[in-house]
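Working notes, beginning with the structure itself.
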Amino acid sequence: MAFVPPKESFAGRVFPVTIGTGVQQTFGGENTLPFHSFEGEVPNRPLIAYEIQDVPPEDWPETVRKLYDGVSDDPVKWAKYCEEELKAKAVALRLVGTHPDSKDLSAEDAAKTVTDVLGAIKVPLIVLGSNHVEKDSEVLVRAAEAAKGHDCIIGKAQEANYKTIAAAAMANGHKLIAMSELDINLSKQLNILLTQMGFDKEKLITDPMCSALGYGLEYTYSVMERIRLAALAQNDAVMQPPMLADVGMYVWKIKETQAPEDVLPEWGSLEERGIAWEAVTASSLLMAGAELLIMRHQKAVEAVELFVDELM
Amino acid sequence: MLIIGEKLSIIAKRVREAMMKRDKGPIQEIAVAQKNAGAGMIDANIGPAEDGGEELMEWMVTTIQEAVQLPVCLDTTNYAAIEAGLKVHNNDYGTPMINSTSNDPERFPMLELAAKYDCLIIGLTVGKGGLPADEEERSAIAAEIMARAMEYGLPLENLYLDPLVLQIATTQEQAVKVIKTIKMFQELNDPPMKTVVGLSNISNGCPKDVRHILNRYYLALLMYEGLTAAIADPVEVIETVKTIDVIMGKTLYAHSYLEM
């Protein structure tokens, strides 16, 4: 008798999430472990969004900042550049300038930026706050209103501010990122709280919090893996939203992507090192179950797309 | 774990009256309340139903399924009534269950029905004689029921073995023996046999204010040994089920786990 490899099948399935109104993108929807298309259905590719900011990226290392010279002084130009030149499938606008320690831009400023960027691109937009709990609950509410009708992703809602942000996302027809800090049980708890206030769990994206290779990647990896197993094997509906890996922000601030070649010549080319670091972090988290990635360097994005081509 | 809601029983006065008058209101209200409390199946116990059992079971199944999208556990010794109920059962809501067969030849035809309608069935591990003495005797009877099921062409995964829970107030030593039986039943086959109990029998005859305590703690111990299903009051046991599922690692913990 011919050998038949055993197949593992699961009762649960990750919710597919579609975003955007002009060009639409869908991610999630699989009923098997990442890329296990030999065991189940993997209907959609992971989606990679290019990260842009409302203010010039002064704290990004030169190796990635220089890619956006001439456009990064204006989020509208920057977004168009990503769509037209880099063929971005989605854009993630981080409103980092609203942080009180940055430029402390107002919610109105943020809303205008969102409106302007939406007017310039056709691909879906992800709108991210500055990760300041109080400020985000003002900024993201106005941003969600400004983006009404564009079917964006708004984020990130955390335990301390989820109510206002979720209410605004719900009222304006957006998807929502729910972020908790590397704790699978708190991640589930936040998703429960969101569904209890009436937010549709099929419109959620879980962010268990990212970390870069060498800086706790294994924690993110493990939490993501366990979330996915709860979704599939235990058929736990609140754990079935797709997951986000917010890679670029974590990778491009570590020593390995910043230390100059003259200081650490044995580490090789700084630029290649940074690209490799972002690509390896991203592809590892795809293996752990992430379906949505936010990244910065074009060459890293291209490497990850190639990786996905190989596995799909 | 599957909770089979026990509240639609002819023993309860309100249910009996509703059955006799064919009054859908109370039946559907109780079915909905049990589903909302966590039942995954609704038991319809119409008693021996020697007269008009077929029509009564048909009415019960359709009345319940009009109100809740759940399968029904058909609970009577009347073979014809079971078949009538199976014929009208909406299997889109789940596979129905027959309650029950046993090692008593009078109950063998129930197994044939289960095979014919490809449904689930409870195998009560008692024979025509007296009650089983211990886990060994229960397992010996279980093996006979399993052999008969295979003979009739019923897949063993459709068979739920019931060790017969006895009253703690009269046969205290049986309580632990039943717990041991749950473990032993599973070892009778690979994949493990499924198991079910009529939970509230443990506290039958006990004062009302201790019954729910006995039921819940007993269920926790049975679940620890791997119990698949319990015929029980979901309102009473749902916290126990959710908590033991969390402790046993079957559900991911979150602070609000009881609310899910």
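The values are calculated or read from the model by the stated rules, or taken from the named source; none is laboratory data. Here the structure is a predicted model, which is why all the values come from computation and not from measurement. Glycine also receives a Cβ, built like all others from the backbone with ideal geometry; neighbour counts cover every protein chain displayed. SASA here: full protein model, heavy atoms, side chains in, ligands and nucleic acids out. Shrake-Rupley method; radii C 1.70, N 1.55, O 1.52, S 1.80 Å.
In region B:228-258, the qualifying residues are those that are crowded, with 17+ Cβ neighbours inside 10 Å and within 12 Å of chain A (Cβ to nearest Cβ), and the one that is nearest to the chain's Cα centre (by Cα) is B:Asp245.
As a summary of the residue check, A:Asn131 satisfies the conditions (1) farther than 21 Å from A:Ala231 by Cα; (2) polar (S, T, N, Q); (3) within 14 Å of another protein chain (Cβ to nearest Cβ) except for the one numbered (3). Among the residues of region B:189-224, write down those that are β-branched (Val, Ile, Thr) and crowded, with 22+ Cβ neighbours inside 10 Å. B:Thr195, B:Val196, B:Val197, B:Ile202 - these are the residues of region B:189-224 that are β-branched (Val, Ile, Thr) and crowded, with 22+ Cβ neighbours inside 10 Å. Among the candidates A:His150, A:His132, the residue that is in contact (Cβ under 8 Å) with a residue 60 or more places away in the chain and open to solvent by 10 Å² or more (accessible area, probe 1.4 Å) is uniquely A:His150. From the set of residues in region A:187-226 that are open to solvent by 40 Å² or more (accessible area, probe 1.4 Å) and not in a helix (DSSP H, G or I), which is nearest to the other protein chains (Cβ to nearest Cβ)? Looking at residues that are open to solvent by 40 Å² or more (accessible area, probe 1.4 Å) and not in a helix (DSSP H, G or I), I get A:Met197. Of the residues contained in region B:2-15, one or more are found to be in a helix (DSSP H, G or I) and surrounded by fewer than 19 Cβ atoms within 10 Å (Cβ to Cβ). Being within 14 Å of chain B (Cβ to nearest Cβ), under 23 Å from A:Leu47 (Cβ atoms), open to solvent by less than 10 Å² (accessible area, probe 1.4 Å) and over 13 Å from the mean Cα position of the chain (by Cα) is a property that does not hold for A:Ala237.
Does A:Leu105 qualify as being outside any loop (DSSP other than H, G, I, E, B), modelled with pLDDT of 95 or more and at negative phi? So that I can check it myself, show each step before the final result.
Working: outside any loop (DSSP other than H, G, I, E, B): no; modelled with pLDDT of 95 or more: yes; at negative phi: yes.
Answer is no for this residue.
Among the residues of region A:61-78, those identified as crowded, with 20+ Cβ neighbours inside 10 Å and not in a helix (DSSP H, G or I) are A:Pro61, A:Ser72.
Can you tell me which residues in region A:79-93 are farther than 19 Å from A:Lys66 by Cβ and either aromatic (Phe, Trp, Tyr) or surrounded by 24 or more Cβ atoms within 10 Å (Cβ to Cβ) (or both)?
Pass one, region A:79-93, residues farther than 19 Å from A:Lys66 by Cβ: A:83, A:87, A:89-93.
Across region A:79-93, the qualifying residues are A:Ala90, A:Val91, A:Ala92, A:Leu93.
Figure legend. Inter-residue proximity from region A:11-36: first residues aromatic (Phe, Trp, Tyr) and at pLDDT 95 or above, second residues part of a loop (DSSP other than H, G, I, E, B) and open to solvent by 30 Å² or more (accessible area, probe 1.4 Å), beta-carbon distance below 8 Å, spacing 6+ or different chains. Indicated pairs: A:Phe27/A:Pro16; A:Phe27/A:Asn44; A:Phe27/A:Arg45; A:Phe35/A:Val42; A:Phe35/A:Met312.
Here A:Leu229 does not qualify as part of a loop (DSSP other than H, G, I, E, B), modelled with pLDDT of 95 or more and open to solvent by 40 Å² or more (accessible area, probe 1.4 Å).
Please determine whether any residue of region B:202-218 is among the β-branched types (Val, Ile, Thr) and either farther than 22 Å from B:Met97 by Cβ or within 14 Å of another protein chain (Cβ to nearest Cβ) (or both).
Residues of region B:202-218 among the β-branched types (Val, Ile, Thr): B:202, B:210, B:213.
In the following step, the residues that additionally are either farther than 22 Å from B:Met97 by Cβ or within 14 Å of another protein chain (Cβ to nearest Cβ) (or both) were identified as B:210, B:213.
Scanning region B:202-218 turns up at least one residue that is among the β-branched types (Val, Ile, Thr) and either farther than 22 Å from B:Met97 by Cβ or within 14 Å of another protein chain (Cβ to nearest Cβ) (or both).
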